[in-house]
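Student: Mind having a look at this structure? Questions to follow.
Nothing in this text is a laboratory measurement; each read-out follows from the coordinates by a stated rule. What you see is a predicted model, and the numbers here were worked out from it, not measured in a lab. Because the Cβ atoms are built from the backbone with ideal geometry, glycine has one as well, and the counts that use them run over all protein chains shown.
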Amino acid sequence: MPRFPDSQVVWDPSVLDYRFSQHHPMDPVRLKLTLELARSVGVLDGVELTVPGRLDPLELARAHTDDYQAAVRVAGSGRARIDLTGYGLGNDDNPVFLHMHEAAASIVGSTLSGARAIASGTTTRAVNIAGGMHHAMRSHASGFCIYNDAAIAISWLLDNGFDRIAYVDIDAHHGDGVQAAFWNDPRVMTVSLHEDPQHLWPNTGYPTELGGPEARGTAINVPVPAFCPDGLWLRAFHAVVPSVLREFRPQLIVSQCGCDSHASDPLTDLSLTVDGQRAAILAMRDLADELCDGRWLAVGGGGYQLVSVVPRAWTHLLAAVIGTDVDPATPIPDSWKDLVAELPADRLGGVPGPVPETMGEGGDVAFTPWEPASHDATSPPADAAADRFIARARSAVFPLHGLDPEDPRD
Ligand SMILES: [Zn+2]
């Protein structure tokens, strides 16, 4: 595939300072390993990484209260002890670390830089693999997320020429922070595909969460059962996402591409392969091409298999944005394996996992499109369970968009 001429990879090295502790699962080494893998397979050949300018601190107010920002600054300064009760900081998920304000702000600055480049017409697609801090709430940190970069970028876009933005979140966890930020805003459609909230934190993201009174139908939730494999997960994605997006007609798609949906992820229970994740990334790019003249802002998210999953999944993401798609059968270069071998394993957070041999793992990404009759007594139990989830998601939201939840063509 010829390289897409109009793309931007945003990279601020200071995002590597976003590290809660030595053994915290969200270890920024995953970002470094991703860039190195992308380099070693040629995805970044001829690509100049875009270093964002300094973030105007006023932009943080788009998604966060002043007192929460102050708490993050003071706690991360190491100079003062303050009462962090209510700010979601200083606990096991979000321990305080030195310069956490600066590190979290650099993630925001990177995503915002991509948004600005798209709004100005400088580029059509942009990606920040360090972004996707989708759990951060207005006045507190949550789930490893301090500042909500996607919510801030979307808010900025709304003030700069855009009034229909779709946010599509394929992380294994519900995109609760972004949903909350635009709960009652009809200009933003948030769609989250995630593991059954009965089983997985943050235990929200039911199909009945549909948005506030001014924006009913613009919060869309597609839970899937635990252990859902590639084919059923892709069936769920395609049973809901394209239809609602086509109806909404967004001018731009923001994709949160958390890869903790992988079967080996230590924090979740889905059963995807890197190939399934790659297929969804490409599907979101196709939707941006179809509906938004290609405008696509992509960010990372969760992902805690630091060696075997994240670098591959997000190399495919970088490749998708740059337009240099990588065949999953491509061998992993020895130079990258050598780099992994040099890592001090006892200092890695999360789980390194085995060193992969190829860019994919033979996942079967073929899927049978959803249809109402497919959840009958003859279906395998896993298919029937997934189809019940899909049917509930469609029944909850399709009528609000004039779509027929029983019509498989919708
Ligand atoms: Zn996650």
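Student: Could you tell me which residue out of Gln8, His23, Gly42 lies farthest along the dipole of segment 1-44 toward its positive end? Charges go on the beta carbon: Lys and Arg +1, Asp and Glu -1, centred on the Cα centre.
Tutor: Projecting each Cα onto the dipole axis, the largest value belongs to Gly42.
Student: Over all directions, what mean area does the Cα convex hull of segment 1-100 project, stated in square nanometres? Mind showing how you got there, number by number?
Tutor: On the way: hull surface 35.1 nm².
Taking the Cα atoms of segment 1-100, their convex hull projects to 8.8 nm² on average.
Student: Ok, one more. Of Trp11, Trp370, Trp201, which has the largest mean-square fluctuation in a 10 Å C-alpha GNM of the chain?
Tutor: Trp201
Student: Let me ask another. Select from Thr190, Thr204, Thr124 the residue whose mean-square fluctuation is largest in a Gaussian network model of the chain (Cα-Cα springs shorter than 10 Å).
Tutor: The residue that fluctuates most here is Thr204.
Student: Testing the spin-label approximation: label points 7 Å from Cα along Cα→Cβ at Asp407 and Ala366. State their distance in nm.
Tutor: If labels sit at Asp407 and Ala366, their model points lie 2.9 nm apart.
Student: A follow-up question, please. Please state the relative contact order of the chain as a whole percent: Cα pairs under 8 Å, 6+ residues apart? Mind showing how you got there, number by number?
Tutor: Values: 908 pairs, mean separation 80.2, N = 410.
Computed over the chain, the figure is 20 percent.
Student: Under Stokes-Einstein, with the Kirkwood radius over Cα pairs standing in for Rh, what whole-number D in µm²/s applies to the chain at 25 °C and 0.890 mPa s?
Tutor: Values: Rh = 21.1 Å.
The estimated diffusion coefficient comes to 117 µm²/s.
Student: Taking only DSSP H segments of four or more residues, each worth -39500 (n - 2.57), what value at 222 nm results for the chain once the sum is divided by all its residues, to the nearest 500 deg cm²/dmol? Please list the in-between numbers first.
Tutor: Working: 10 runs with 136 residues, N = 410.
Calculated mean residue ellipticity at 222 nm is -10500 deg cm²/dmol.
Student: If you put +1 on each Lys and Arg Cβ and -1 on each Asp and Glu Cβ, how big is the dipole of the chain around its Cα centre, in Debye rounded to 20? Write down the numbers at each step before the final one.
Tutor: Details: 29 positive and 53 negative charges, 175 e Å.
Computed charge dipole of the chain: roughly 840 debye.
Student: Here is a further query. Let me check I've understood the local charge: for Asp163, count other residues with C-beta under 12 angstrom from its C-beta, Lys and Arg +1, Asp and Glu -1. What total comes out?
Tutor: The answer is +1.
Student: Okay, next question. Work out from phi, with θ = phi - 60° and the Karplus expression 6.51 cos²θ - 1.76 cosθ + 1.60, the ³J(HN,Hα) of each residue of segment 130-147, listed in order in whole Hz, and give x for Gly and Pro.
Tutor: Each residue's phi maps through the Karplus curve to give 7, x, x, 7, 6, 8, 4, 9, 4, 10, 7, 6, 7, x, 6, 10, 9, 10 Hz.
Student: For a label point 7 Å from the Cα of Leu98 along Cα→C-beta, name the residues of segment 1-42 whose backbone N is under 16 Å from it.
Tutor: Residues 16-23 qualify, since their backbone N sits under 16 Å from the label point.
Student: Using the Cα centre as the reference, give the magnitude of the dipole from point charges on the C-beta atoms of segment 132-276 (Lys, Arg: +1; Asp, Glu: -1; all else neutral), rounded to the nearest 20 debye.
Tutor: With only Lys, Arg, Asp and Glu charged at Cβ, the dipole is about 440 debye.
Student: Quick one: Cα centre-to-centre distance for segment 179-221 and segment 81-144, in angstrom?
Tutor: Cα centres, segment 179-221 to segment 81-144: 20 Å.
Student: Here's a follow-up. Which length gain, in nm to one decimal place, applies between Asp289 and Thr208 when the Cα-Cα distance is subtracted from 0.36 nm times their residue separation? Display every interim value, and only then the final one.
Tutor: Numbers: separation 81, 0.36 × 81 = 29.16 nm, distance 2.97 nm.
Computed gain between Asp289 and Thr208 is 26.2 nm.
Student: Of all DSSP beta bridges in the chain, what percent run antiparallel (nearest 5)?
Tutor: Restricted to the chain, the bridges split so that about 5 percent are antiparallel.
Student: Counting only residues 5 or more places away or on other chains, whose amide H sits under 5 Å from the amide H of Gly363 once H atoms are built in the peptide plane?
Tutor: Asp275
Student: Within 11 Å, Cβ to Cβ, of Ser395, how many net charges do the neighbouring residues add up to if Lys/Arg are +1 and Asp/Glu are -1?
Tutor: Local charge sum for Ser395: +1.
Student: While we're on this one: Taking R0 as 25 Å, what FRET efficiency do you get between Val74 and Trp201 from their Cβ-Cβ distance, rounded to the nearest 0.05?
Tutor: Result of the calculation: an efficiency of 0.35.
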